[in-house]
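Asker: Below is the structure I would like to discuss, written out as structure tokens.
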Amino acid sequence: MSMLRADPMRGALGIAAALVMMAHSGVSTGASETAKKGDPAAVVENGIPETALATVRLTERAVERLGVRTVSVELRSMDRTQIAGGVVEAPPGGIVQVVAPQQGTVLVAGQSLPLPGTKVAAGEPLLRIRALSASEIARARDIVDSALARLRVAEAALAARGEDEGRRAERDSAAVSLEAARQRLRIMRGEAGQGDGSDGLAPLTITSPTAAIVRRLDVTPGQSVPSGAPLVELVRVDALWVRVPIYAGLLRSIRAGAPARIRTLGDSNGAGWQADIVSGPPSADPLAGTVDLFYRLARLSDGNTGLVPGERVIASLLLGDAEERLVVPQSAVLYDVNGGTWVYERIAPATFARKRVAVDDVLDGFAVLSQGPGEGAEIVTDGAVEIFGTEFGTGK
């Protein structure tokens, strides 16, 4: 008689699987209940919303002592602006290359040769050039004598044979050649404009043709230079341009023909300088998607803005038409250590609340706000810094 026998190994495996399933089911149920009934994933302790920042209450005496004054937030018609980076450049023709008018030796005109970065005025001596030798002047005199002889022959032919267009042209050409030769001789003598016939070797003084800054010095004292050799490179500083790359998609929004306001990187809220738009060379960057606009800095009374070619600046460009904007005096805006901008609003007599603002631009002494208290809110101007110090324990 045959009997069926259970496999002990298979039975053990089945019991283990059942236990695992039961354990898994229990864990899942417990985790689900914990997720529903447990603590939140994060807890913020001592949280203070920005709308509930510190309120400063002063006594009437303190308000008077601090000189607190308030103005109302106004809704004014203000220009819309776009801030962009710019680069100061020398205008076309603003870089002047001074060359040697004759062959000679470089001499110092003053204490030393003008080093790069030196400011020079129009007509100020830069250096001197002395002719190399008397033989150079002798050769120049021979050229003058030859030109003079040619002129005399042409005049004699014109007088003997009568008026003729060809002979008149030859006479005029000889006269021009003679004058050019004489001028060259005077320059080599260092006595341009005198022509006294002296054989002296007086040095020729080279002066600056315009008010400028020395950009490069190409010679040293005692160096021999040929005629036409570069001596000094100058950059005019009284008519600088600013190149402003503008995103091509924004180009049509720029107000046509409007001037720009140029400020240095460290003076983002200063008055800066006005710059008129000019027609510059076509320039664009296809990789950056920008088109260059050019502005000419207004001439100042002293002829110098303090800017130098290559310096990066901030350009404030006008967009479209003016529109109604919320404004407060620039003096009412405070800056914290992180660059945040704030104002103090008077919410009750002698009671002031600090409110965050977002400043879009500063125009004509007013801060244009895109975020902050609404129209009519009383904002502290005089005494705002003192209240700020009082709130943080550094005030009077």
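Asker: Mind checking whether some residue in the range 87-107 is open to solvent by less than 80 Å² (accessible area, probe 1.4 Å), in a strand (DSSP E or B) and in contact with a helix residue (DSSP H, G or I) (Cβ under 7 Å, 6 or more places away or on another chain)?
Answerer: no
Asker: How many residues are in contact with a Lys or Arg (Cβ under 9 Å, 6 or more places away or on another chain) and in a helix (DSSP H, G or I) when one looks only at the range 62-81?
Answerer: The qualifying residues number 3.
Asker: Now for a separate question. Quick one: which residue in 109, 62, 122 is within 30 Å of residue 263 (Cβ to Cβ) and small (Gly, Ala, Ser)?
Answerer: 122
Asker: For the range 201-221: of the residues being under 20 Å from residue 184 (Cβ atoms) and either open to solvent by less than 30 Å² (accessible area, probe 1.4 Å) or not in a loop (DSSP other than H, G, I, E, B) (or both), which is modelled with the lowest pLDDT?
Answerer: Residue satisfying both the conditions and the ranking: 204.
Asker: Could you check the range 222-235 and list, in sequence order, the residues that are modelled with pLDDT of 90 or more and either open to solvent by 40 Å² or more (accessible area, probe 1.4 Å) or β-branched (Val, Ile, Thr) (or both)?
Answerer: Of everything in the range 222-235, those that are modelled with pLDDT of 90 or more and either open to solvent by 40 Å² or more (accessible area, probe 1.4 Å) or β-branched (Val, Ile, Thr) (or both) turn out to be 230, 232.
Asker: I've got another one for you. Being under 29 Å from residue 314 (Cα atoms), open to solvent by less than 30 Å² (accessible area, probe 1.4 Å) and outside any strand (DSSP E or B) is the filter here; which residues of the range 351-383 pass it?
Answerer: 357, 373, 381
Asker: Further question: Out of 238, 285, I need the residue that is modelled with pLDDT of 90 or more, more than 26 Å from residue 364 (Cβ to Cβ) and in contact with a strand residue (DSSP E or B) (Cβ under 9 Å, 6 or more places away or on another chain). Which one?
Answerer: Among 238, 285, only 285 is modelled with pLDDT of 90 or more, more than 26 Å from residue 364 (Cβ to Cβ) and in contact with a strand residue (DSSP E or B) (Cβ under 9 Å, 6 or more places away or on another chain).
Asker: Could I ask something else about it? Could you say which residue among 277, 262 is in a strand (DSSP E or B), over 14 Å from the mean Cα position of the chain (by Cα) and on the phi < 0 side of the Ramachandran plot?
Answerer: Just a single option satisfies the conditions, and that option is 277.
Asker: When you check residue 347 against the structure, is it open to solvent by 20 Å² or more (accessible area, probe 1.4 Å) and assigned to a strand (DSSP E or B), yes or no?
Answerer: Considered against the rule, which asks whether it is open to solvent by 20 Å² or more (accessible area, probe 1.4 Å) and assigned to a strand (DSSP E or B), residue 347 comes out as yes.
Asker: Consider only pairs whose beta carbons are under 7 Å apart and that are at least six residues apart or on different chains; among these, list those whose first residue lies in the range 318-337 and is in contact (Cβ under 8 Å) with a residue 60 or more places away in the chain and open to solvent by less than 20 Å² (accessible area, probe 1.4 Å) and whose second residue is not in a strand (DSSP E or B) and not acidic (Asp, Glu).
Answerer: Going by the 7 Å Cβ cut-off, the qualifying pairs are 319/253; 319/255; 328/73; 332/381; 332/384.
Asker: Quick check, is residue 361 touching a residue at least 12 places away in the same chain (Cβ under 8 Å) and in contact with a Ser or Thr (Cβ under 7 Å, 6 or more places away or on another chain)?
Answerer: When the stated conditions are applied, residue 361 passes them.
The values are calculated or read from the model by the stated rules, or taken from the named source; none is laboratory data. This is a predicted model, so every value here is computed, not measured. Backbone-built Cβ (ideal geometry, glycine too); neighbour counts: all protein chains shown. Accessible surface is based on the protein model in full, side chains and every heavy atom, while ligands, DNA and RNA are left aside. Shrake-Rupley method; radii C 1.70, N 1.55, O 1.52, S 1.80 Å.
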